[in-house]
Amino acid sequence: MDDLFYRLPQQRQVSTDYPGPNSLELTRRREAAVTAAVTPGLPGWVVDADGGVLVDADGNSFIDFASGIAVTSVGASNRKVVEAVADAAAHFTHTCFMVSPYESYVAVAEKLNEITPGHHRKKTVLLNSGAEAVENAIKISRAYTGRNAVVVFDNAYHGRTNLTMAMTAKNKPYKTGFGPLAGEVYRVPMSYPLRDGLAGAEAAERAIRAIELQVGAENLACVVIEPIQGEGGFIEPAKGFLPALSAWCTENDVVFVADEIQSGMCRTGSWFACDDEGVVPDLITLAKGIAGGMPLSAVTGRAEIMDAPVTGGLGGTYGGNPVACAAALASITEMETHDLPGRARQIETIIREILDPLAEQGTVAEVRGRGGMVALEIVDAAGRPDPTLTAAVAASCKAAGVLILTCGMDGNVIRLLPPLVISEDLLREGLRILADAITTESEENQ
């Protein structure tokens, strides 16, 4: 895997007194000024980042296996993105596209229409966050079909707004205490090969039967699904599941919405996770990796569906901000220039080389995912989810200077989301630390 340009040394370095005094002081200030409902996972406070490293206020350098939750795929300070942001901001930081338009919004829309799955005529709306993109996809679907119901899946995560909370499966910390939630949202079984043992066609038949019995196609505006589930556990459905659902939606005039907010933009070894089985969604939602860390999201889809809402029915003050649009155009160019889908596949090969052997030890039930979106499901000796061991492994990695994230309904999944520009040496070092942590913590928990 070729090294790229890096502004900072790509090395791990953690002092013995981590977290250091500067980070501790910043934590004190956070506790006094910021709601306790927002609590960071890393004790070190980041002051610089580049390539595959995060540097904290005390000079510690961490290997980044989180990418700001799949956001900084091209790096957290990619020089082309930085240049584009600076140039855009020097001209104007905002006008509101709905009031006084600018070319970069259209350029991003044109690019997304070009690279998203399918060769049909497409249109795009730009927004701010992933949750906002999902909500707008539902608004568009309802306007197009004249129906209200929305189908989502077990283990789904779609956001933290009222509607997307209703669509999200996990209660704590996302939904508890925040009701009542939006109605007309129905949940059906997801394909989860490790746990249900079903082939894709079988799992799809089960889900479709639930849709037809509990909702009815005549009431259904859209089916919304993550092609690879994110927060729910990096669950990759069995082959055939997504194509069968998409075909059923087409047959029943239901809008098929692919939520590619976490899995899109080269993350899984192709531009979009849907590409793996040739699935062409009616609408696709994008965010996270789209703009190199700047807040931007999008809904892209069939032109006739996108044009269904009334004039003025979509938009928002900051949607498609010009600085974020400039960042997006630079990020996509970097993805193309450095073949980040191919680099994601190289990352997966290295991850599996080091971590697949762990599945033979019993603690790791499965290594799953694609590209730079790979997870390990951690279980106890009886094969049950083991969130305690998972948390211990994550803590051990952080103490050693490797930032990893956990996920899953049971809190027993370690997810890996390294920047797609990470160097091979740094990737291998971080993976070896993770593998050693799993082995050591497993032995101590026996």
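Brief remarks follow.
- Being assigned by TED's automatic domain parsing to the domain that holds Gly177 and within 24 Å of the chain's Cα centre (by Cα) holds for only one residue in Val85, Val71, Val46, Val38, and it is Val85.
- Any hit, the stretch 409-426, residues being among the aliphatic types (A, V, I, L, M) and surrounded by fewer than 17 Cβ atoms within 10 Å (Cβ to Cβ): no
- Taking (1) within 23 Å of the chain's Cα centre (by Cα); (2) assigned to a helix (DSSP H, G or I) in turn, Ile284 satisfies each apart from (2).
- All positions within the stretch 401-428 that are outside any loop (DSSP other than H, G, I, E, B), touching a strand residue (DSSP E or B) at 6+ places or on another chain (Cβ under 9 Å) and in contact (Cβ under 8 Å) with a residue 40 or more places away in the chain: Val402, Leu403, Leu405, Cys407, Val413, Arg415, Leu416, Leu426, Leu427
- Residue match in the stretch 281-298 (condition: under 19 Å from Ala201 (Cα atoms), in contact with a strand residue (DSSP E or B) (Cβ under 7 Å, 6 or more places away or on another chain), among the hydrophobic types (A, V, I, L, M, F, W, C) and crowded, with 24+ Cβ neighbours inside 10 Å): no
- Residue in the stretch 149-170 that is farther than 30 Å from Gly411 by Cα, in the same structural domain as Thr317 (by TED's automatic domain parsing) and among the polar types (S, T, N, Q) present: no
Each row is one residue, and each column tells you yes or no for (1) of a type in the set (A, V, I, L, M, F, W, C); (2) assigned to a loop (DSSP other than H, G, I, E, B).
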position	(1), (2)
Thr164	no, no
Lys170	no, yes
Pro173	no, yes
Thr176	no, yes
Leu181	yes, yes
Ser191	no, yes
Leu194	yes, no
Leu198	yes, yes
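- Matching residues in the stretch 32-53 - criterion: being surrounded by fewer than 24 Cβ atoms within 10 Å (Cβ to Cβ), closer than 20 Å to Leu427 by Cβ and aliphatic (A, V, I, L, M): Leu42, Val46, Ala49
- Scope the stretch 250-264; condition crowded, with 24+ Cβ neighbours inside 10 Å, within 15 Å of Cys222 (Cβ to Cβ) and not charged (D, E, K, R); matching residues: Val254, Val255, Phe256, Val257, Ala258
- One residue stands out among those in the stretch 316-359 that are out of contact with any strand residue (DSSP E or B) (no Cβ under 9 Å at 6 or more places or on another chain) and of a type in the set (Gly, Ala, Ser): the one that is farthest from Val299 (Cα to Cα), which is Gly342.
The values are calculated or read from the model by the stated rules, or taken from the named source; none is laboratory data. Quick caveat, the model's predicted, so the values are computed rather than measured. Cβ coordinates were reconstructed from backbone atoms using ideal geometry, including for glycine residues, and neighbour counts include every protein chain displayed.
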